[in-house]
Amino acid sequence: MRRPFIAGNWKMNLNRADCVALARAVAEQVAAGGPVDVAVCPPSVYLDAVAQAIRGSAVGLGAQNMYFEGNGAFTGELSAAMLLDVGCKYVILGHSERRALLNESDAVVNQKTKAALAVGLIPIVCVGETLAQREGGQTRQVVTTQFDGSLAGLTNEQMSQVVIAYEPVWAIGTGKVATPAQAEEVHAELRQLLASRFSPAVAEQVRLQYGGSVKPDNAAELLSQPNIDGALVGGAALKAESFLGIIAGAKA
Ligand code: PGA
């Protein structure tokens, strides 16, 4: 059985006090030993503060990005080891905003994924098509190319640590959520890719999150689909009440 996994991607929002307050509010409500894995991913300057705020709770810490090199002259970048050092368990990689705005390629996401795994961070690798690609009937091809490029060269053991987030770009921050059937169709394809490129056992293990306008009122139906194992939540993760409502949907 795959444990449901709900992660909040706070993106470039909130200040230090807001991050600490939100993290505390979430941590107070997420019981240890509960049925769902929960993580919050604040802006990197607040990782340390949020780590303190959730210390001893069942909530995990995630970063929104990292660089693939171990250390050195890479001004402005953060290494996987640094993220681990401040208490991160997860790192989001290849988010569509980074792919589109910061030119992150599958090859770079692949290097980052390997660097994260090398120190024991759990990568949340994002894939997803744009509206034009969906309307052009290219969803399967786009997602397959991103999958193959981003996850190339991983061993079965490494792959089974990875979380994949399917985030259709047209559904991110737009309020236009994929229907459960649309999301499930791509998730089922991802599961098949895992089985064919890695192994059926890996496919059974890897958690597939859906992301894109997940809200408390649509979470339960999305999460009840057989191949949707969790959610990567943006806007609705910025308020404790709505994030907790989504977590409740995962338990239903
Ligand atoms: P959204 O963002 O929930 O605001 O659509 C999801 C994401 O980008 O991870």
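Some observations on this one:
- Alpha-carbon centroids, the stretch 75-143 and the stretch 153-183: separation in whole Å: 11 Å
- Relative contact order of the chain, pairs being alpha-carbon contacts under 8 Å that are 6 or more residues apart, as %: 20 percent
- Packing rank of 226-232, 53-59, 111-117, 146-152, where each peptide gets the mean count of other beta carbons within 10 Å, highest leading: 226-232, 111-117, 146-152, 53-59
- With a threshold of 19 Å on the Cα-Cα distance, the over-threshold entries among K89/K114; K89/K215; K11/K251 are K89/K215; K11/K251.
- Cα gyration tensor shape of the chain, rounded if a/c is under 1.5, else prolate or oblate by comparing a/b with b/c: rounded
- The Cβ shell under 14 Å around N103 holds other residues with a net charge of 0, Lys and Arg each +1, Asp and Glu each -1.
- Around A181: net Lys/Arg minus Asp/Glu count, Cβ-Cβ under 14 Å: -3
- Net dipole in debye of the stretch 5-251 [+1 Lys, Arg Cβ; -1 Asp, Glu Cβ; about Cα centre; nearest 20]: 240 debye
Read-outs throughout are calculated quantities, based only on the coordinates presented, and are distinct from any laboratory measurement. Please read all numbers here as calculations on a predicted model, not as lab measurements. Every residue, glycine as well, gets a Cβ built from its backbone with ideal geometry; the counts of neighbours run over all protein chains shown.
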